[in-house]
1. I want to confirm something. Restricting to the stretch 254-287 and keeping residues that are among the hydrophobic types (A, V, I, L, M, F, W, C) and farther than 13 Å from Ala309 by Cβ, which single residue is surrounded by the most Cβ atoms within 10 Å (Cβ to Cβ)?
2. Do any residues in the stretch 320-340 that are farther than 17 Å from Ala296 by Cβ have Cβ atoms under 9 Å from those of residues that are in a helix (DSSP H, G or I) and of a type in the set (S, T, N, Q), where the two are at least six apart or on different chains, and which pairs are they?
3. What are the residues in the stretch 318-359 that are of a type in the set (Asp, Glu) and not in a loop (DSSP other than H, G, I, E, B), if any?
4. If we keep just the residues of the stretch 96-111 that are without any contact (Cβ under 8 Å) to a residue 12 or more places away in the chain and assigned to a helix (DSSP H, G or I), which is surrounded by the fewest Cβ atoms within 10 Å (Cβ to Cβ)?
5. Could you tell me how many of the residues in the stretch 69-91 are modelled with pLDDT under 95 and part of a helix (DSSP H, G or I)?
6. When you look at Ala68, is it touching a residue at least 24 places away in the same chain (Cβ under 8 Å), within 29 Å of Lys139 (Cβ to Cβ) and within 25 Å of the chain's Cα centre (by Cα), yes or no?
7. Of all residues in the stretch 34-45, how many are surrounded by 22 or more Cβ atoms within 10 Å (Cβ to Cβ) and either closer than 23 Å to Thr103 by Cα or at pLDDT 95 or above (or both)?
8. Check off (1) surrounded by 23 or more Cβ atoms within 10 Å (Cβ to Cβ); (2) not in a helix (DSSP H, G or I) for Lys157 and give me the number that stays unchecked.
Amino acid sequence: MIPVAVVALLPLAAPLFDAEQRTRGLVQKAYEHYTAGEFDKAVEHLTAAIKSSPDSAELWQFRGAVRAGKQEYDQALADLDIAHKLDPKSAAILCQRGVIRCTRGDLDEAEFDLIAALNLDPKCVEAWRARGVVRTTRKQYDLAATDFTQAIELDPKDAGSHVRRGDVRGHQQAWEKATADYTKAIDLDPKSALAYCRRGYARLEQQEYDKAFDDFNRAVELDPKCAEALTGRGVVHAIRCEYADAIAEYEKAVEHDPKCADALYYLTGLYALGTNEGVADAEKAVARGKKLVAAAPKAWWARQALAVAHAEAGDFDIAVTGMRKVLESEDLSHDDRETAVRIVELFLADKPLSSVIEE
């Protein structure tokens, strides 16, 4: 499956090559394999084409895009570096390199490339969109919204930019605006499971639970393996106190995406603290909590959920050790830190969190 960020490369993957005639057949075969997801064969044909025309920036660019599709980012960047040297005025090459650097988390280098691309071509939609992703990752939400708005103005039919701007509106807690963006994305692309899914979450935040459930259902119809939508459907079930159904949805989400942190978090919590709901199972809580920490190793809330599960299983020493690691996190807010301290005090007294909730 092509990573989300690399989808932006697709419009750039079939340029009009200036290679010699004997190279054209190799390029055509490479493109056919690329669009079919047969990346190894595409690389093989492009490597042969590059041997025939080593000075073709387009060939190096194309092979870089294919390698990005294979998630071979180091090799992809090496190809794009050569392409850039051969054609330093190409905004498309800089944009592709910026997208890959963003995917790798190299945000400074990514933004440098994307700014350079926009200086060369202010109408490069992919560059505006990719820089919006960079700024969203940096939590520069106002700037990100501006970039996505620019991408939309340049390409009003781009459903993806509406989804991304909707995500930014969500970070800004502007749920009505987020819903409007997702709705526009659905109008442009009625088969976008992602747009339906994200609108479902926006409606959850507005307590429109029935509408949210309808959106999650539609997302699952379009993409039965959409873990995000299955998780959202589980949340609605939990809100309705339908806990067995909620667990079934979360487990299905994890089945399709073993690293779905949200689903694992909810599962850990329900199995750990769901005594009154009739779903408590400390052993399962610990098992899911361990998978949660593996899926989100830097998230303090993942470690806290696992610590709570260990305490419910009676492993208070392990629980206290886990909570002390939580307290080492620099991402804790003042309120979260105070809560964590109280949880540690409970565990030191050999009391699980459920003992307080039941009281």
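1. For the stretch 254-287, the residue satisfying everything is Ala263.
2. Qualifying pairs under 9 Å: Thr339/Gln304.
3. Across the stretch 318-359, the qualifying residues are Asp335, Asp336, Glu338, Glu345, Glu358.
4. Asp108
5. Qualifying residue count, the stretch 69-91: 1.
6. Numbers: touching a residue at least 24 places away in the same chain (Cβ under 8 Å): yes; within 29 Å of Lys139 (Cβ to Cβ): yes; within 25 Å of the chain's Cα centre (by Cα): yes.
When the stated conditions are applied, Ala68 passes them.
7. Number of matching residues: 3.
8. Every listed condition holds for Lys157 apart from (1).
The values are calculated or read from the model by the stated rules, or taken from the named source; none is laboratory data. As the structure is a prediction and not an experimental result, all values here were calculated from the model. Methodologically, a virtual Cβ is constructed for each residue, glycine included, from the backbone with ideal geometry; neighbour enumeration extends over all protein chains shown.
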